[in-house]
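Below is one structure; the comments refer to it alone.
The values are calculated or read from the model by the stated rules, or taken from the named source; none is laboratory data. Just so we're clear, the structure is a prediction, and the values are computed from it rather than from any experiment. FYI the Cβ positions are ideal-geometry reconstructions off the backbone, even for glycines, and counts take in every protein chain you see. Note: areas computed on protein heavy atoms with side chains; ligands, DNA, RNA excluded. Shrake-Rupley method; radii C 1.70, N 1.55, O 1.52, S 1.80 Å.
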Amino acid sequence: MQLRFAVAVSSIALAVPLASVSAQTTTPSAQTTTTSAQSTTPATARWSFSLGIDPTAFDLNPPGPGINARMVANLTRSWQSGKSRWARHISLMVGGDAPHDASQGIPSLWGLPSQCACSMHISRRYAGLTAGASYDLFRVSRFTPYLTGGTGLYYSGFRRSIDGVLTQSELAVYGRNFSWNDFSLGANVGLGLKVRLGSHELFIEQMLHDFSVRRDYRAGAIAPLNIGIRF
């Protein structure tokens, strides 16, 4: 029931930004022919691809083996007409945390290191299908800073497995495997800078994705710094 609600509300949320941004104000009859032509210029559709890493979840020397890293990839379709500062977009994001191993055992019931000959493996995955709009703040030569934001449906998945010998009490509390999957309605906001190079654009943007507007404690949030190209 909760998933159906999230999907229904998210569908409406995806449609609203597209409709509101694409709406154009009617030009007064007193405007010149040139201005009228610009206002009716069809929106140009473009693709963009970017890769990002979350600076708040990055550590090359964690206590356990491996590294802590949260990475995402984004594929976006955007529309921007004429010389308008507004653009609308639909974006697909996928990513996850680098698998984390705790070879020193698992926490005991009293917060002390476990003495079991076991290891714990943890992984987390993310995905988001969102729609929204961006606004160009100003233009300086080839450089254009912009604001962006949107809303949509997010997915967050968690996996934990334990290998080794566990006592009966540890098995009762932790189990051998544990996982959950969560779908929620979320929102995002960001600040970016794009640079025009011929017919393409390079961009860098700092995003914040809040996976649940209902403040679900499991959904959480990620803040990837994305670098990509628009073509």
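For the reader, a short list of remarks on this structure follows.
- Residue count for segment 146-172, restricted to those that are surrounded by fewer than 16 Cβ atoms within 10 Å (Cβ to Cβ) and modelled with pLDDT of 95 or more: 1
- Filtered residues of segment 113-128 (kept if at pLDDT below 90 and among the aliphatic types (A, V, I, L, M)): A117, M120, I122
- Take the conditions (1) farther than 27 Å from R214 by Cβ; (2) open to solvent by less than 10 Å² (accessible area, probe 1.4 Å); F138 misses just one of them, which is (2).
- Selection within segment 68-98 - open to solvent by less than 70 Å² (accessible area, probe 1.4 Å) and modelled with pLDDT under 85: N68, G82
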